Amino acid sequence: MITTDDVRRPGLTLEQSVRRFGWPSLRKNRGKTMFLLDNEPGAIRDAYTAGRPSLESRVIFTNSRPGRPDAAFIKRNEPRDANTAQIQELVRQGYFVRTRSDLPLSTVTTGDTSLLDAALRSGAQGISTDFPEVGMSARYGSDFVARIPGVGPARCNPVNARNNCKARTWSGASASVAEPHLVRIVEAPLGVCAAIADRARGPSASDLTDGPRATLTASATRLSACGWSSRTHR
């Protein structure tokens, strides 16, 4: 499991740590999980950070705001319009951002993909959806599905991946080199963030374990998210 103590550097707040040094590398953290507190900043977050402003010895990363010592994970549900650029800037600064690709049930009944399209452009590392698989929206008379465009299960993050980040073959599926944004659709228990690593095998895993940054999409009730950085944590 990746905890706040694994990310925070000595003498720095949690926020300072992720902004200066990034997140743990995939190479050194395969098979581990990471838990995010989905609640809006308020009484629950305040109680969890009481006496531990940088989440010292805590397990969960709280949904926070820039400028606070616990700010490493930030939730932004709306990725469209001006929010797209705001999320992109947060990602560039080192925060782990979660957004969403659909709203129940207006998205599926109208077939509107603007939320999904904006979420993918935003570079948010976590994108939650209620419809990750084909057929899940059929009961509402819709064919809506939150899927990642292109071939294969992953692509590099469009905002903060290295220039030399290339899509490789993952879990038997090929990702086009012309689609260099690593994004993974996963459905896993809350907080599981190692789905990419768990499914990567052989040489294909080594192609990506230096930490190309990835974006994940998952069920809203089973958010799976990793803040892998192109910088090695240790």
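Among the residues of the stretch 35-54, is any under 30 Å from Ala146 (Cβ atoms), touching a residue at least 12 places away in the same chain (Cβ under 8 Å), among the hydrophobic types (A, V, I, L, M, F, W, C) and not in a strand (DSSP E or B)?
no
Does the stretch 4-22 hold any residues that are in a helix (DSSP H, G or I) and either buried (at least 20 other Cβ atoms within 10 Å of the Cβ) or not aromatic (Phe, Trp, Tyr) (or both), and which are they? So that I can check it myself, show each step before the final result.
Looking only at the stretch 4-22, we keep the residues that are in a helix (DSSP H, G or I), and these are 4-7, 14-21.
Matches in the stretch 4-22: Thr4, Asp5, Asp6, Val7, Leu14, Glu15, Gln16, Ser17, Val18, Arg19, Arg20.
Being open to solvent by 10 Å² or more (accessible area, probe 1.4 Å) and of a type in the set (Ser, Thr, Tyr) is the filter here; which residues of the stretch 113-142 pass it?
Once the filter is applied, which keeps residues that are open to solvent by 10 Å² or more (accessible area, probe 1.4 Å) and of a type in the set (Ser, Thr, Tyr), the stretch 113-142 yields Thr113, Ser114, Tyr140, Ser142.
For the stretch 33-50, does any single residue satisfy the condition of being open to solvent by 10 Å² or more (accessible area, probe 1.4 Å), closer than 17 Å to Gly123 by Cα, of a type outside the set (S, T, N, Q) and within 19 Å of the chain's Cα centre (by Cα)?
No, the stretch 33-50 contains no residue that is open to solvent by 10 Å² or more (accessible area, probe 1.4 Å), closer than 17 Å to Gly123 by Cα, of a type outside the set (S, T, N, Q) and within 19 Å of the chain's Cα centre (by Cα).
Only one residue in Pro104, Pro149, Pro69 is open to solvent by 20 Å² or more (accessible area, probe 1.4 Å), within 26 Å of Gly22 (Cβ to Cβ) and part of a loop (DSSP other than H, G, I, E, B), so which one is that?
Just a single option satisfies the conditions, and that option is Pro69.
Looking at Pro79, is it open to solvent by 10 Å² or more (accessible area, probe 1.4 Å), in contact (Cβ under 8 Å) with a residue 24 or more places away in the chain and part of a loop (DSSP other than H, G, I, E, B)?
Here the answer is no, as Pro79 does not meet what is asked.
Tell me the residue from Ser25, Ser54, Ser64 that is open to solvent by less than 50 Å² (accessible area, probe 1.4 Å) and farther than 26 Å from Leu120 by Cα, please.
Exactly one of Ser25, Ser54, Ser64 is open to solvent by less than 50 Å² (accessible area, probe 1.4 Å) and farther than 26 Å from Leu120 by Cα, namely Ser54.
The values are calculated or read from the model by the stated rules, or taken from the named source; none is laboratory data. Being a predicted model, the structure only gives us computed values, none of them experimental. Note: ideal-geometry Cβ built from the backbone for every residue, glycine included; neighbour counts use all protein chains shown. The area values use the complete protein model at the heavy-atom level, side chains included, leaving out ligands, DNA and RNA. Shrake-Rupley method; radii C 1.70, N 1.55, O 1.52, S 1.80 Å.
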